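Engineer: Can you keep this structure in mind? I'll have questions shortly.
The values are calculated or read from the model by the stated rules, or taken from the named source; none is laboratory data. Quantities reported herein were computed from a predicted structural model and do not represent experimental measurements. We place every Cβ from the backbone using ideal geometry, glycine too, and count neighbours over all the protein chains shown.
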Amino acid sequence: MQNKIPVELEACKKGDPRAQMALYDSYCKAMYNVACRYLNNEDAKDAMQEGFLKAFTKIESYSNTHSFGAWLKRIIINQCMDVLKKRQLETIPFEDSNLQIIEDASWYFDSNITKDMIVAAINELSEKHQLVVKLYLMEGYDHEEISQILDIPIKTSRTHLRRGKLKLQELLKVQRHGTGY
């Protein structure tokens, strides 16, 4: 979507159901795809629909500082995180004294590795590592945002990303050499 305000937005702010449906139709496929990154198909569909309901009830809070699609995507991702939290996703904070933060921005992969191979390998990670890797790599959130979304310390986000990346590299190496998972 473009970074302009959808025409239906003003009508949605007035509670027009036709405008809400038009906005839903414009964004539902993209938001479903976002939700599917975190949840299975049925849960993703439910989370997406709940996210749209939240968006329509909070549409007055939308400001034009970001595109409407980006604002809506954030709501959908937060809804997915809520679903995962309800499943009692347990994240255990590490003791700060034991952590050593290593900034490693290198996410380069062998040119023979496809996007599908990377996504499949990400889906093999443990849930806590998978969430942080997806939020960081696929959604572009920084550690501060991830810590807020997942309600974990920033250092834990960094640690989960680092460990997830190492495991991802290991999985891709195994996959690349044809021995499978």
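Engineer: Filter the stretch 158-181 down to the residues that are among the hydroxyl-bearing types (Ser, Thr, Tyr) and modelled with pLDDT of 90 or more and list them by number.
Structural biologist: If the condition is that a residue be among the hydroxyl-bearing types (Ser, Thr, Tyr) and modelled with pLDDT of 90 or more, then Thr159 is the only one that fits.
Engineer: Okay, moving on. Can you tell me which of (1) part of a helix (DSSP H, G or I); (2) of a type in the set (Gly, Ala, Ser); (3) over 26 Å from Glu127 (Cβ atoms) is the one Ser63 doesn't meet?
Structural biologist: Only one criterion in (1) part of a helix (DSSP H, G or I); (2) of a type in the set (Gly, Ala, Ser); (3) over 26 Å from Glu127 (Cβ atoms) is unmet by Ser63, namely (1).
Engineer: Residue check, Asp25 against (1) at pLDDT 90 or above; (2) more than 20 Å from the chain's Cα centre (by Cα); (3) buried (at least 19 other Cβ atoms within 10 Å of the Cβ); (4) of a type outside the set (Lys, Arg), all met but one. Which one?
Structural biologist: Only one criterion is unmet by Asp25, namely (3).
Engineer: Inspect all residues belonging to the stretch 87-109 and state whether any of them is surrounded by 16 or more Cβ atoms within 10 Å (Cβ to Cβ), modelled with pLDDT of 65 or more and not assigned by TED's automatic domain parsing to the domain that holds Arg37.
Structural biologist: No - not one qualifying residue is present in the stretch 87-109.
Engineer: Same structure again: Could you list, in sequence order, all residues of the stretch 28-42 that are part of a loop (DSSP other than H, G, I, E, B) and either assigned by TED's automatic domain parsing to the domain that holds Ile122 or crowded, with 18+ Cβ neighbours inside 10 Å (or both)?
Structural biologist: Once the filter is applied, which keeps residues that are part of a loop (DSSP other than H, G, I, E, B) and either assigned by TED's automatic domain parsing to the domain that holds Ile122 or crowded, with 18+ Cβ neighbours inside 10 Å (or both), the stretch 28-42 yields Arg37, Tyr38, Leu39.
Engineer: If you don't mind, another one. Looking at the stretch 6-23 only, could you name the residues that are closer than 14 Å to Ala55 by Cβ and part of a loop (DSSP other than H, G, I, E, B)?
Structural biologist: Pro6, Gly15
The rows are residues; the columns are (1) farther than 25 Å from Leu131 by Cβ; (2) acidic (Asp, Glu); (3) touching a strand residue (DSSP E or B) at 6+ places or on another chain (Cβ under 9 Å).
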position: Cys12; (1), (2), (3): yes, no, no
position: Lys29; (1), (2), (3): no, no, no
position: Thr57; (1), (2), (3): yes, no, no
position: Glu60; (1), (2), (3): yes, yes, no
position: Ala70; (1), (2), (3): no, no, no
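Engineer: Restrict the check to the stretch 131-153 and report whether at least one residue is over 25 Å from Met31 (Cβ atoms), out of contact with any strand residue (DSSP E or B) (no Cβ under 6 Å at 6 or more places or on another chain) and at pLDDT 85 or above.
Structural biologist: yes
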